[in-house]
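Quick note: the coordinates plus some simple rules give every number you see, no bench work behind them. Every value quoted in this text rests on a predicted model; they were computed, and no experiment measured them. Methodologically, a virtual Cβ is constructed for each residue, glycine included, from the backbone with ideal geometry; neighbour enumeration extends over all protein chains shown.
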Amino acid sequence: MTIETSLQIMTVMEAREALRIGHTKMYQLLSSGEIRSFHIGSRRFIRSSDLDRFVNRQLTEEGFGVGGEA
């Protein structure tokens, strides 16, 4: 069993950069549970699938299909 962690999990900073949002907004999304995360020790990580799920929900709420078509 091989886990490609670099593709499956990211730091909060990496997720924030991927979404192109600020520090405060990222932590609001994490605190509210809109983006799921987990801790290893004192560090917080986000699965790329959870970030994808968040983006797809946002697209759906805005009237876009998952493929990005209105």
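Net charge near Ala18, counting Lys/Arg +1 and Asp/Glu -1 over other residues with Cβ under 14 Å of its Cβ?
+1
Compute the length gained on full extension between Ser49 and Leu19: take 0.36 nm times their separation in residues and subtract their Cα-Cα distance, giving the result in nm to one decimal. Numbers along the way, then the final one.
Working: separation 30, 0.36 × 30 = 10.80 nm, distance 1.36 nm.
Length gained, Ser49 through Leu19: 9.4 nm.
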